[in-house]
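Notes for the one structure printed next.
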Amino acid sequence: MIEEIDLDHIAVAVERWADAWPRFVSLLGGRWMSGGRGPGFSPAQIGFANAMRVEVLQPYQVERNDFLRRFLDRSGPGPHHFTFKVKDLGVALGLAERAGYRPVGVDLSDPTWKEAFLHPKESCGVVVQLAQSIEGYWETPAPDGFPTPASSAATLVRITHAVADLDAGLALFAGLLGGQETERGADESARWVELAWPGPGRVRLVAPASPASPLASWLGDRSGRMHHIAFSGVSLAEVEGAVELADGGAELPPDTTTGTRLLLEP
């Protein structure tokens, strides 16, 4: 297990930053935290009431690095990766290799931001970024046209990631990435385990209870797929297009611009 590790944010790929503002800013009250431009992509981080973040990625200078452009052309807008911050990336990479994972895209050249990735074929269907950074080095003002957030920011409660094999998911997110189990449960359609990190980050791993369950059909032949991001602190009466749920919450299905399902807890 990697020690001194924390879940920092979830990243969502879009064609343009502005595509994400209606949901993540106007509806959920996300605050601008930072943004920049680099070869292949421009990242922008939006913060919520409990300090969890959603990073919005748009293509930029794709002739220099086309990874995000290829992702959007293949899959469309949607969740792209988890980012975990570590104290010592070199140590973390050694532990990942000992656990049987093969890190890719290792870049230790910048002392302010060192990074490496676990490929989705090895990491339950989603890119996992491991990063070592200097806090506060990347702070920038909001761009022109950034909307005024809702009066209060919502809380990013958890990220729910569906996996075909719950044991494989736990081996990665708990066994290597240090998530501590806080709850588990099951019903006729799925089994789930909730994991927590020292900060506000929470991940719920859900696995089909049987090959005939709706979750199994949704996963298809994938080893994993991010299902939704759950928020609380939203006035549901003001949400258009939401599907009411039995527990009093609501679901916003994936839209064409962010490709991300949101669950709004009561």
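The values are calculated or read from the model by the stated rules, or taken from the named source; none is laboratory data. Computed from a prediction, not measured in an experiment: that's the story for all the values here. Backbone-built Cβ (ideal geometry, glycine too); neighbour counts: all protein chains shown. Surface accessibility is based on the protein's heavy atoms, side chains included, excluding ligands, DNA and RNA. Shrake-Rupley method; radii C 1.70, N 1.55, O 1.52, S 1.80 Å.
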Please go through segment 188-266 and write out the GluC sites (Glu not before Pro) that DSSP classes as loop and that have at most 15 other C-beta atoms within 10 Å. Glu188, Glu240
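Under the Kirkwood approximation for Rh and a Cα-based Rg, what ratio Rg/Rh is obtained for segment 87-233?
Values: Rg = 17.6 Å, Rh = 17.3 Å.
My calculation of the ratio gives 1.02.
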For segment 241-249, Karplus couplings with θ = phi - 60° (6.51, -1.76, 1.60), whole Hz, Gly/Pro x: x, 7, 9, 5, 10, 5, 7, x, x
Val62 long-range amide H proximity, modeled H, under 5 Å: Gly40
Principal axis box of segment 1-139, alpha-carbon based, largest edge first, Å: 43, 33, 27
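Taking each pair of distinct Cα atoms in the chain once, what is the resulting Kirkwood hydrodynamic radius in Å? Before the final figure, lay out the partial values.
Details: mean 1/r = 0.0528 Å⁻¹.
One decimal place: 19.0 Å for the Kirkwood radius.
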Dividing the mean separation of Cα pairs under 8 Å (6+ apart) by the residue count of the chain yields a relative contact order in percent of 21
Each label point is 7 Å from the Cα along the Cα-to-Cβ direction; what then is the distance between the points at Ser151 and Gln61, in nm? 4.3
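Filter the trypsin sites (Lys or Arg not before Pro) in segment 19-58 to those in DSSP coil with at most 14 other Cβ atoms within 10 Å of their Cβ, and list the result. Show your work: numbers first, answer last.
Working: sites: Arg23, Arg31, Arg37, Arg53; in loops: Arg37.
Answer by residue number: Arg37.
Tell me which trypsin sites (Lys or Arg not before Pro) from segment 154-260 have a DSSP coil assignment and no more than 14 other beta carbons within 10 Å of their own.
Working: sites: Arg158, Arg184, Arg191, Arg202, Arg204, Arg222, Arg225; in loops: Arg222.
Within segment 154-260, the qualifying trypsin sites (Lys or Arg not before Pro) (loop, at most 14 other Cβ atoms within 10 Å) are Arg222.
What longest region of the chain stays clear of chymotrypsin sites (Phe, Trp or Tyr not before Pro) that DSSP places outside H, G, I, E and B and that have at most 16 other Cβ atoms within 10 Å? Spell out each step's value before the answer.
Numbers: sites that count: Tyr137, Trp138.
Result for the longest clean stretch: 1-136.
Give the carbon-plus-sulfur fraction of the accessible surface of segment 2-99 in %, rounded to a whole number; probe 1.4 Å, heavy atoms of protein chains only. List each step's numbers first, then the result.
Details: 1890 of 4030 Å².
Result for segment 2-99: 47 percent of the exposed heavy-atom area is carbon or sulfur.
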Give the share of C-alpha pairs in each 10 angstrom bin for segment 152-266, from 0 to the last occupied bin, in whole percents, shortest bins first. 14, 41, 36, 9, 0
Protein-only accessible surface order, largest first, of Asp144, Asp8 at 1.4 Å: Asp144, Asp8
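So how much slack lies between Ala246 and Thr182, counting 0.36 nm per residue of separation and subtracting their Cα-Cα distance, in nm?
Full extension of this stretch gives 20.7 nm more.
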Here, segment 141-197 modelled as identical Cα point scatterers in vacuum has Debye log10 I(q)/I(0) at q = 0.13, 0.27 Å⁻¹ of -0.53, -1.23
Using 0.36 nm times the number of residues separating Glu4 and Thr140, minus their current alpha carbon distance, what extension gain do you get? 46.3 nm
Return the sequence-ordered ³J(HN,Hα) values of segment 47-58 in whole Hz as given by the Karplus equation 6.51 cos²θ - 1.76 cosθ + 1.60 applied to θ = phi - 60°, using x for Gly and Pro. x, 10, 4, 9, 6, 6, 10, 10, 9, 9, 10, 10
Kindly report the accessible area of segment 19-150 per residue (heavy atoms of protein chains, probe 1.4 Å, no ligands, DNA or RNA), in Å². 48
Segment 1-78 shape via C-alpha gyration tensor axes, a/c threshold 1.5: oblate
Which three numbers, in whole Å and largest first, are the semi-axes of the equivalent ellipsoid of segment 225-266 derived from its Cα gyration tensor as √(5λ)? 17, 11, 9
Summing +1 for each Lys or Arg and -1 for each Asp or Glu, what net charge is found among the other residues whose Cβ lies under 9 Å from the Cβ of Lys87? -2
May I ask you to evaluate 6.51 cos²θ - 1.76 cosθ + 1.60, the Karplus curve with θ = phi - 60°, for each residue of segment 219-227 and list the ³J(HN,Hα) values in order in whole Hz, giving x for glycine and proline? 6, x, 9, 7, 7, x, 6, 5, 8
